[in-house]
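The values are calculated or read from the model by the stated rules, or taken from the named source; none is laboratory data. Note that the structure is a prediction, hence the values are computed from the model and not measured. Glycine gets a Cβ as well: all are built from the backbone with ideal geometry, and neighbour counts include every protein chain shown. Just so you know, the surface numbers come from the protein's heavy atoms only, side chains and all, with ligands and any DNA or RNA stripped out. Shrake-Rupley method; radii C 1.70, N 1.55, O 1.52, S 1.80 Å.
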Amino acid sequence: KNEVEQSPQNLTAQEGEFITINCSYSVGISALHWLQQHPGGGIVSLFMLSSGKKKHGRLIATINIQEKHSSLHITASHPRDSAVYICAVRRDTGNQFYFGTGTSLTVIP
Amino acid sequence: NAGVMQNPRHLVRRRGQEARLRCSPMKGHSHVYWYRQLPEEGLKFMVYLQKENIIDESGMPKERFSAEFPKEGPSILRIQQVVRGDSAAYFCASSPTTFGGYTFGSGTRLTVV
């Protein structure tokens, strides 16, 4: 069993839809990251969270430490949001990062 | 662009050759992390380095792989006697402190033929 589970694995949405990607983890963490990876491209760090909620433009990330769960929301989705979104957690002991396998999002015009 | 620079972007090696992947962290960042992404799999932690020190190499294969981050110059991930299973995307990230401000590079895609 992976330390980090994401759902859904694949997601197709119409342009303008509100999108939610979920991440659950099973280890104690010091921080959780949401990353974006475009096909064949590099990785961009979207958010780092240790509690509460963060917002950047149309992206919102929330975390519930007690429930070991985080969500990434995209409002008014756009085709350029199409990418793989990866949840990563940093253990509260040691330096290990654990990554989810990613959610592949396709936004159709 | 003062981001994390990785080179080369693409590297092709024959089985048995050596692969050297370079990562120049962002200016002011002294912490470097290497990750591997195998085809159809998620990212896996390999090694965490600070200048001249390996802090955590628990994700590195025990043989053929080594990493360094010298006082001057980029961090180097070295793979000796490459095999087909080493074909993957290798990403590095850097940060100014232990716990924040990570920036990822664009990765090096290694293909072993």
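Take the residues in segment B:1-21 that are farther than 19 Å from B:Gln81 by Cβ and in a strand (DSSP E or B), then tell me which one is farthest from the other protein chains (Cβ to nearest Cβ).
For segment B:1-21, the residue satisfying everything is B:Asn7.
Please enumerate the residues belonging to segment B:22-61 that are in contact (Cβ under 8 Å) with a residue 12 or more places away in the chain, surrounded by fewer than 18 Cβ atoms within 10 Å (Cβ to Cβ), of a type outside the set (A, V, I, L, M, F, W, C) and part of a strand (DSSP E or B).
Passing the criteria: B:Arg22, B:Lys44, B:Gln50, B:Asn53.
Out of (1) open to solvent by 70 Å² or more (accessible area, probe 1.4 Å); (2) closer than 24 Å to B:Ala93 by Cα, the odd one out for A:Gln66 is which?
Evaluating A:Gln66 over (1) open to solvent by 70 Å² or more (accessible area, probe 1.4 Å); (2) closer than 24 Å to B:Ala93 by Cα leaves (2) as the failure.
Quick test of your reading of the structure: B:Ser24 fulfils all but one of (1) modelled with pLDDT of 95 or more; (2) over 25 Å from A:His38 (Cα atoms); (3) among the small types (Gly, Ala, Ser). Name the failing condition by number.
(2)
Return yes or no: is A:Phe99 more than 10 Å from chain B (Cβ to nearest Cβ), within 30 Å of B:Ile54 (Cα to Cα) and not aliphatic (A, V, I, L, M)?
Working: more than 10 Å from chain B (Cβ to nearest Cβ): no; within 30 Å of B:Ile54 (Cα to Cα): yes; not aliphatic (A, V, I, L, M): yes.
So A:Phe99 does not fit the description; no.
Among A:Gly40, A:Gly28, which is free of Cβ contacts under 8 Å to residues at least 40 places away in the same chain, surrounded by fewer than 14 Cβ atoms within 10 Å (Cβ to Cβ) and either closer than 28 Å to B:Gly105 by Cβ or not aliphatic (A, V, I, L, M) (or both)? Don't jump to the end; show me each part of the working.
Numbers: A:Gly28 fails: free of Cβ contacts under 8 Å to residues at least 40 places away in the same chain.
Exactly one residue qualifies, and that residue is A:Gly40.
Could you list, in sequence order, all residues of segment B:45-66 that are within 11 Å of the chain's Cα centre (by Cα) and either within 14 Å of chain A (Cβ to nearest Cβ) or not hydrophobic (A, V, I, L, M, F, W, C) (or both)?
The answer is B:Phe45, B:Met46, B:Val47, B:Tyr48, B:Leu49, B:Met60, B:Ser66.
Return yes when B:Arg78 is of a type in the set (Lys, Arg), more than 14 Å from chain A (Cβ to nearest Cβ) and touching an Asp or Glu at 6+ places or on another chain (Cβ under 9 Å) and no when it is not.
It is true that B:Arg78 is of a type in the set (Lys, Arg), more than 14 Å from chain A (Cβ to nearest Cβ) and touching an Asp or Glu at 6+ places or on another chain (Cβ under 9 Å).
Suppose we filter segment B:12-21 for residues that are open to solvent by 10 Å² or more (accessible area, probe 1.4 Å) and within 14 Å of B:Ser66 (Cα to Cα); how many remain?
Number of matching residues: 2.
Among the residues of segment B:63-92, write down those that are open to solvent by less than 20 Å² (accessible area, probe 1.4 Å), hydroxyl-bearing (Ser, Thr, Tyr) and out of contact with any Ser or Thr (no Cβ under 7 Å at 6 or more places or on another chain).
The answer is B:Ser75, and nothing else.
Which residues, counting only those in segment B:62-85, are among the charged types (D, E, K, R), assigned to a loop (DSSP other than H, G, I, E, B) and closer than 25 Å to B:Gly3 by Cα?
Our first condition is that a residue be among the charged types (D, E, K, R); within segment B:62-85, this holds for B:62-64, B:68, B:71-72, B:78, B:84.
Pick out the ones that are also assigned to a loop (DSSP other than H, G, I, E, B) and you get B:62-64, B:71-72.
Listed by number, the residues that qualify are B:Lys71, B:Glu72.
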